[in-house]
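**Q** Have a look at this one.
The values are calculated or read from the model by the stated rules, or taken from the named source; none is laboratory data. Model, not experiment: these values are computed from the prediction. Note that we place each Cβ from the backbone using ideal geometry, even for glycine, and neighbour counts take in every protein chain shown. Side chains included, ligands, DNA and RNA excluded: accessible areas come from the protein's heavy atoms. Shrake-Rupley method; radii C 1.70, N 1.55, O 1.52, S 1.80 Å.
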Amino acid sequence: MTEALATRSLNVDLLARELGNWRTSSQSGPAYHGLADAVRLLIVDGRVPVGARLPSERALAEALRVSRTTVTAAYTQLRDDGYLNARRGARSTTALPVTHPAPIRSTAAAANLAAATLAAPASAAARAFADAAEQVTPYLADIGIELTGVPPLRTAIAERYCARGLPTEPDEIMVTTGALHAIGLILATYTQPDDRVLVEQPTYHGALAAMASRGVRPVPVGMTPDGWELDAIEATIRQLAPNLAYLIPDNQNPTGMTLPAGDRKRLAQIISDTRTRTIVDETITDMWLDEQCPPPFAAAMTARRDLVLTVGSMSKSFWGGLRIGWIRADRSSLATIGAMRPAIDMGTPIVEQLAAASLLAAESEVLPERRDILRSRRALLLALLATHLPDWRPAPGKGGMSLWVRLPVPMSSALSAAASRMGLEIPPGPRFGVDGTLERFIRVPYTLPDDQLVEAVELLARAWRSVTGLTAPEPTAVVV
């Protein structure tokens, strides 16, 4: 495929919709300043992918009902600022300015906002491992290699899907060594270097790293402040025909949003119509806080259910130290993945699988308490941000384990670097996107104990003041 065919062309009507009321950005200055600023922020925020072809000047002028001179001047300013690449005989493509950041000298972390996960439910986990030690004896007479997983765990996982509205048999489950391992197995089975994989923007940074290690190219579709733009997803799939899609419809990482039931039906139809094999990441499904998630996305696939491979995990719901995940898919897909697996690993440890099965049996005891912990810490984090960083704007997610926060100015990488020098580890927004975008955002987990969360936000506020030159707001009491 030629480069021209592989480059995405932005739909002019979708771009006009994304630009919104861009004229307010120009205030009393020239109109083209406001238009250039609005396009630049779409690129920086990851709502418009880097390397995409902008509509022609004439087409955008007609869609926005402005003069072509205004659009020409805006495009010229964007090129001068490094946000557009011009090619002779072709439309301009979006870009990011080339920068050379100074090296970061990191100290030992005093606080860590890099991981969005909870400590184990100690008593339930201890009981589960005690049960596993008693149950492992029959397996000791065999070689101990289980490429698909031990029957008790596969049965427990299948029963969970049945209870949530997706009929599932144990032989439609493959146990893996964590969700990231599951994603890696699927990528190894169904992609080759330079293949394209559609992803949300922002998305789980671990999945992006797995794609990079395989040499595949993530194709981002920007999320809106309200969630998923299904028109953009469909247009991107039809233009670029990605080999896979990777989506997180439940408590999306990092935004915390959940795809509504009606939109699930339409997305399922898009996947069926375009025959796009799709990884659905459900690792944070259990961590709903305000509203329970709809039934599994695969249940919306009334046709071509073979196209959906659902990934789950024990890490967020119970404990990351278990390193237990799974793939829920049709038998044919699991057979294909199973044939590939021995070249990568020889299965998942049996004792941990048995412990996971025991924990799943105790989920009605464990999960409500963990949701209560997260609700309390989310309320504390929101209060701390309102006190120390009142200009920050968290996304309206209703679940998950972190806030996706919009910054007043695009300085996420500088903030992350400054925080690291102060002993606070927090990844910058671009870690969750493609091509260095999302500088106006940062992910702030609310999984730390209260005292550590207070310390972390105070350090974060100090780092923000250091990169913006702002003074600290007047202190007020934090009431949760």
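**Q** With unit charges on the beta carbons (Lys and Arg positive, Asp and Glu negative) and the dipole taken about the Cα centre of the stretch 122-364, which residue among LEU322, LEU247, ALA232 sits farthest to the positive side?
**A** So the residue we want is ALA232.
**Q** Taking only the C-alpha atoms, wrap a convex hull around the stretch 202-266 and report its volume per residue in Å³ as a whole number.
**A** Dividing the Cα hull volume of the stretch 202-266 by its residues yields 86 Å³.
**Q** Expressed as a fraction of 2.2 N^0.38 Å, the rule-of-thumb size for a compact globular protein of N residues, what is the C-alpha radius of gyration of the stretch 122-364?
**A** 0.99
**Q** In the P(r) worked out for the chain, what percent of Cα pairs fall beyond 35 Å?
**A** When all Cα pairs of the chain are counted, 36 percent exceed 35 Å.
**Q** Another question about this same structure. Amide H neighbours of GLY51 under 5 Å, at least 5 residues apart or on other chains, H built in the peptide plane: list them.
**A** Excluding prolines and chain starts, which carry no amide H, the hits are THR94, ALA95.
**Q** Can you give the relative contact order of the stretch 122-364 as a percent, counting alpha carbon pairs under 8 Å and 6+ residues apart?
**A** It comes to 30 percent, rounded to a whole number.
**Q** Could you work out how far apart the two model spin labels at ARG17 and SER67 are, taking each label as a point 7 Å from the Cα in the direction of the beta carbon, and quote it in nm?
**A** 3.0 nm
**Q** Using only Cα atoms, what is the ratio of the radius of gyration of the stretch 12-94 to 2.2 N^0.38 Å?
**A** In units of the 2.2 N^0.38 Å rule of thumb, it is 0.98.
**Q** Continuing with this model, one more query. Averaged per residue, what accessible area in Å² does the stretch 12-94 show with a 1.4 Å probe, protein chains only?
**A** 49 Å²
**Q** Using a probe of 1.4 angstrom, how much of the accessible area of the chain is carbon and sulfur, in percent?
**A** Its accessible area is 53 percent carbon and sulfur atoms.
**Q** Now for a separate question. Excluding ligands and nucleic acids, what accessible area in Å² is computed for TYR83 using a 1.4 Å probe, to the nearest 10?
**A** 40 Å²
**Q** For the stretch 12-94, what is the relative contact order in percent, using Cα pairs closer than 8 Å and at least 6 residues apart in sequence?
**A** Across the stretch 12-94, relative contact order equals 30 percent.
**Q** Of GLU458, GLU363, which has the most accessible area with a 1.4 Å probe, and how do the rest follow in descending order?
**A** GLU458, GLU363
**Q** Separate question: Protein chains only, probe 1.4 Å: how do MET301, MET411 rank by accessible area, largest first?
**A** Sorted descending by solvent-accessible area, the residues read MET411, MET301.
**Q** Express in Å², to the nearest 10, the accessible area of SER420 obtained by rolling a 1.4 Å probe over the protein heavy atoms while all chains stay in place.
**A** Rounded to the nearest 10, that gives 10 Å².
**Q** Determine the order of ARG196, ARG238, ARG40 by accessible area, beginning with the largest, at a probe radius of 1.4 Å.
**A** Correct descending sequence by accessible area is ARG238, ARG40, ARG196.
**Q** Among DSSP bridges having both ends in the chain, what percentage is antiparallel? Round to the nearest 5.
**A** Bridges in the chain are about 55 percent antiparallel.
**Q** Can you tell me the length gained on complete extension of the stretch THR155 to ALA86, counting 0.36 nm per residue apart and subtracting the Cα distance?
**A** Full-extension gain reported as 19.2 nm.
**Q** Taking 10 °C and 1.306 mPa s as the conditions, I'd like the Stokes-Einstein D for the stretch 32-189 in µm²/s, using the Kirkwood hydrodynamic radius from alpha carbon pairs.
**A** The Stokes-Einstein estimate is 72 µm²/s.
**Q** Express in Å², to the nearest 10, the accessible area of TRP464 obtained by rolling a 1.4 Å probe over the protein heavy atoms while all chains stay in place.
**A** Surface open to solvent at TRP464 totals about 10 Å².
**Q** For the stretch 232-283, what does the accessible surface come to per residue with a 1.4 Å probe? Please give it in Å².
**A** 32 Å²
**Q** From Cα pairs below 8 angstrom and at least 6 apart in sequence, can you work out the relative contact order of the chain, rounded to a whole percent?
**A** Computed over the chain, the figure is 20 percent.
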